[in-house]
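All remarks here apply to the structure that follows.
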Amino acid sequence: MTNHTNSVLAPNVVLQRHSKSKNSKSDFAGRVAVITGGAGGIGRAICQQFIQRHIHCILVDIDEPRLIRACRDFGPLTSWFQADLTERNSVEQLVKFVESSTGRLDILVNNAAITNTERFEERSVDSIVDEMDINLISPLVVTRLLMPLLRRSGDGRIISTVSLGGIFPLPETTIYSASKFGLRGAMLCLGLDGERLGIHVGSVLPSATETPMLMREAMEGGNTLQFMDPPQQPEDVARQVVRMLDDPRLERYPRLSESWTVRLSMLNPNLLLRVIPLLRKKGEQGHQRYLQSLRDRGFVQDKDGKTILNVP
């Protein structure tokens, strides 16, 4: 496929050397980050907080118009690369673009993901493969091919937005959970190899986050259990990603109380058969409240007898 790029950089910014601030935390001004899924809600929120630290962000996404809009919104500390990350050639072209346009890479954020609301027994095999490809295979391939640049940084970071779905399984999310369980495991393994690699590797595990993907899922009959509590905002996830820069960890959670709940629940998975039915009513009520909130905010409208979702 043809990759479209915007390589307008600020060399006086991106080629600065690393330095240490007075509080002994790394000063990330002048470093370069690649953010996959960069045109989406969480990707944009991460980019916004990175550029506040004067980090140059290369946004990667399959949606070219939204990439262009994001870079226009965020200004000269951003550039973009349009790619289908499930295609090896696209990832290889991304690597060449980073090398030629900046000559360095300090931070990789694996953020691109998709989900599907169809029941497992009704899904096509192609849709199963596609979801596993974008959620699990592509971040591993991207990480592997960009790793030489990250190791050259001397203080590289690999941060993946996983999901609490990578710890706690929910009914009707078979493929999404499988991909996130796999990604979490892979990033934990890389994190344990971090000293040898010279790279800090960690994951952020949010619960349901209000993005266009979640809005569509709510409208299309996605799993209601994720709506037991109001969705968090992309900025909540982005703050934990930024914390990974100053204080690297294997894992961080935007809502710490939720993380304890799901981890304790998984000490005895057999109990899930009893617990999940008890939680369904709360989830269904939360789902209805969330749908009403979308209507109240103008994201859902009835037009010509049809319900239309106007995502931002």
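In the range 98-120, the residues that are at positive phi reach residues that are assigned to a loop (DSSP other than H, G, I, E, B) and surrounded by fewer than 18 Cβ atoms within 10 Å (Cβ to Cβ) with C-beta atoms within less than 8 angstrom, at least six apart or across chains, in these pairs: GLY103/LEU15. Taking the range 28-86 as the search range and keeping residues that are farther than 19 Å from THR102 by Cα and of a type in the set (Asp, Glu), which one is surrounded by the most Cβ atoms within 10 Å (Cβ to Cβ)? Ranking the qualifying residues of the range 28-86, first place goes to GLU64. Can you name every residue in the range 237-293 that is of a type in the set (A, V, I, L, M), touching a residue at least 60 places away in the same chain (Cβ under 8 Å) and closer than 30 Å to ASP27 by Cα? Result: VAL237, ALA238, VAL241, VAL242, MET244, LEU245, LEU250.
For the range 156-179, check the following and say yes or no: at least one residue is of a type in the set (Phe, Trp, Tyr), out of contact with any His (no Cβ under 6 Å at 6 or more places or on another chain), surrounded by fewer than 22 Cβ atoms within 10 Å (Cβ to Cβ) and part of a helix (DSSP H, G or I). No: zero hits.
Determine whether ILE128 is modelled with pLDDT of 95 or more, within 27 Å of MET266 (Cβ to Cβ), touching a His at 6+ places or on another chain (Cβ under 8 Å) and not basic (Lys, Arg). So ILE128 does not fit the description; no.
What's the total number of residues in the range 47-65 that are more than 17 Å from PHE28 (Cα to Cα) and over 16 Å from the mean Cα position of the chain (by Cα)?
2
For GLN301, the stated conditions do not hold, so it cannot be described as at negative phi and either touching a residue at least 12 places away in the same chain (Cβ under 8 Å) or in contact with a Leu (Cβ under 6 Å, 6 or more places away or on another chain) (or both).
Only one entry in GLY298, GLY283, GLY222, GLY202 is buried (at least 20 other Cβ atoms within 10 Å of the Cβ) and over 21 Å from ARG184 (Cα atoms), namely GLY222. Within the set SER293, SER257, the sole residue that is polar (S, T, N, Q) and surrounded by 14 or more Cβ atoms within 10 Å (Cβ to Cβ) turns out to be SER293. PRO277 fulfils the conditions (1) more than 18 Å from THR117 (Cα to Cα); (2) surrounded by fewer than 19 Cβ atoms within 10 Å (Cβ to Cβ); (3) in contact with a Gly (Cβ under 8 Å, 6 or more places away or on another chain) except for a single criterion, (3).
When each of SER153, SER160, SER138 is tested for being over 27 Å from PRO231 (Cβ atoms) and small (Gly, Ala, Ser), the lone residue that passes is SER153. Check the range 224-247 and report whether any residue there is within 27 Å of ARG88 (Cα to Cα) and touching a helix residue (DSSP H, G or I) at 6+ places or on another chain (Cβ under 7 Å). Checked against the condition, which is being within 27 Å of ARG88 (Cα to Cα) and touching a helix residue (DSSP H, G or I) at 6+ places or on another chain (Cβ under 7 Å), the range 224-247 yields at least one hit.
Give, as residue ranges, the helices (runs of 4 or more DSSP H) completely inside the range 88-154 that count at least 2 residues that are in contact with a Gly (Cβ under 9 Å, 6 or more places away or on another chain).
Values: elements: 88-101, 125-132, 138-153.
Fully inside the range 88-154 and qualifying: 138-153.
Looking at the range 108-130 only, could you name the residues that are over 14 Å from the mean Cα position of the chain (by Cα) and either surrounded by 14 or more Cβ atoms within 10 Å (Cβ to Cβ) or basic (Lys, Arg) (or both)?
So the first thing to find is which residues in the range 108-130 are over 14 Å from the mean Cα position of the chain (by Cα), and the list is 116-130.
Listed by number, the residues that qualify are ASN116, THR117, GLU118, ARG119, ARG123, SER127, ILE128, ASP130.
The values are calculated or read from the model by the stated rules, or taken from the named source; none is laboratory data. In this text the structure is predicted, and so the values were computed from the model without any measurement. FYI the Cβ positions are ideal-geometry reconstructions off the backbone, even for glycines, and counts take in every protein chain you see.
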